[in-house]
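Here's the structure, in structure tokens; my notes come after.
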């Protein structure tokens, strides 16, 4: 039997949190849902940029709560991959 990696262990923990919270979502479905939450920045000509976060719907908020992840805020720093 292969040794679990940190990624597979983390995924298993996320699935457990979803189930504990009563979510019917699979991990893939939860990630698909949360992938729609986006941060935007718009700049027109030389004006200061306007930033925002897409609206988080009830299902996304429930998924974030099940995974014990805070809702994103504008003040949160975004790390570049």
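The values are calculated or read from the model by the stated rules, or taken from the named source; none is laboratory data. Bear in mind that the values here come from a model prediction, so they are computed numbers and not experimental data.
Looking at 48, 11, 76, can you tell me which residue is part of a loop (DSSP other than H, G, I, E, B) and modelled with pLDDT under 75?
None of the others qualify; the one that does is 76.
Just for region 14-45: of the residues that are assigned to a loop (DSSP other than H, G, I, E, B) and under 17 Å from residue 71 (Cα atoms), which one is modelled with the lowest pLDDT?
Out of the qualifying residues, it is 21.
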